[in-house]
Amino acid sequence: VTYWSGLLHHPTKPLLYAANRGTGNLAGHVAMFDTATGALLGKIRVEVNPYELLMSQDHKYLFVSNWASNSVSVVDLGTNRVVRSIAVGANPNDMYLARDGRLYVSCGNSNAVWVIDTAKMRAVHQINTAMYANAPIGATPNALIADREEKMLFVANADNNTVAVVNISEAEEYNVMGFIPTGWYPTSLELAADGAAPHWSA
């Protein structure tokens, strides 16, 4: 069954990567298309329900959040094979890759954003984005973006109708500075043209 989710075009090659979530509990795949001809070039087997795609800054790796496997697959784009599966929280969805190599993964069923060190290829921290520390599961973080200087990370908490503002200026310490109220169920974030504040859509 085909159920397309994340799309990513290679920055220097005529290649489109498309995540097929499928609808079952079997391993999914990322399809590769030639954007010059439209031809299907191959399929990269990942884990269950691949959702979002990001490429490393050196274009060597593709990161795939796997919604139902609670993991991020790391694909070597030289061989088009998965070389690492990194465990994260429940229902990983959106991702943001900072210039310093930290990969942020919002996990909708864990009230948290997981931080992956892409040099070591392992998760190193969890950021609780719920309204208070011991809140039950239900904040549903599902979208991420940072400011231009990458000092603040903005996280859409869909079921809290807020955007959490997280100080990420220090690699070893993450502080939620506060929450911006939004409309019902925010699902995506974008910076304003001047980079001063995020916009969101519900």
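The values are calculated or read from the model by the stated rules, or taken from the named source; none is laboratory data. Predicted, not measured: the structure shown is a model, and the values here were computed from it. No Cβ is skipped: glycine too gets one built from the backbone with ideal geometry, and neighbour counts run over all protein chains shown. Please note that ligands, DNA and RNA were not included when accessible areas were found on the heavy atoms of the full protein model with its side chains. Shrake-Rupley method; radii C 1.70, N 1.55, O 1.52, S 1.80 Å.
Among Asn142, Asn157, Asn80, which one shows the biggest mean-square fluctuation in a GNM of the chain, springs joining Cα atoms closer than 10 Å?
Residue with maximal mean-square fluctuation among Asn142, Asn157, Asn80: Asn80.
Can you give the accessible area per residue of the range 44-202, in Å², using a 1.4 Å probe?
On a per-residue basis, the range 44-202 sits at 46 Å².
How far apart, in nm, are the 7 Å Cα→Cβ label points at Asn134 and Thr12?
About 5.3 nm, to one decimal.
Calculate what fraction, in whole %, of the accessible area of the range 39-136 sits on carbon and sulfur atoms when a 1.4 Å probe is rolled over the protein chains.
Roughly 47 percent, rounded to a whole number.
About the Cα centre of the range 56-202, what is the dipole size in debye to 20, counting +1 per Lys and Arg Cβ and -1 per Asp and Glu Cβ, all else neutral?
With Lys and Arg at +1 and Asp and Glu at -1, about 440 debye.
Taking N as the number of residues in the chain, what value does Rg over Cα atoms divided by 2.2 N^0.38 Å take?
1.00
Do you know the relative contact order of the range 1-109, to the nearest whole percent, from alpha carbon pairs under 8 angstrom that are 6+ apart?
Answer for the range 1-109 is 17 percent.
Based on the alpha-carbon gyration tensor of the range 92-202 and its eigenvalue square roots a ≥ b ≥ c, which shape applies: rounded if a/c is under 1.5, prolate if not and a/b is larger than b/c, or oblate?
oblate
How much length would be gained if the chain were fully extended between Trp4 and Thr187, taking 0.36 nm per residue of separation minus their Cα-Cα distance, in nm to one decimal? Display every interim value, and only then the final one.
On the way: separation 183, 0.36 × 183 = 65.88 nm, distance 1.74 nm.
Extending this stretch completely gives an extra 64.1 nm.
Let's test the formula: R0 of 41 Å, r as the Cβ-Cβ distance of His59 and Asn161. What FRET efficiency results, to the nearest 0.05?
On the way: r = 37 Å, r/R0 = 0.91.
With a Förster radius of 41 Å, E is 0.65.
Classify the range 1-111: rounded, prolate or oblate, from the alpha-carbon gyration tensor (a ≥ b ≥ c, eigenvalue square roots; a/c under 1.5 rounded; otherwise prolate if a/b is larger than b/c)?
Verdict is oblate for the range 1-111.
Among Arg148, Arg102, Arg122, determine the one that fluctuates most according to a GNM of the chain built with springs between C-alpha atoms less than 10 Å apart.
The residue that fluctuates most here is Arg148.
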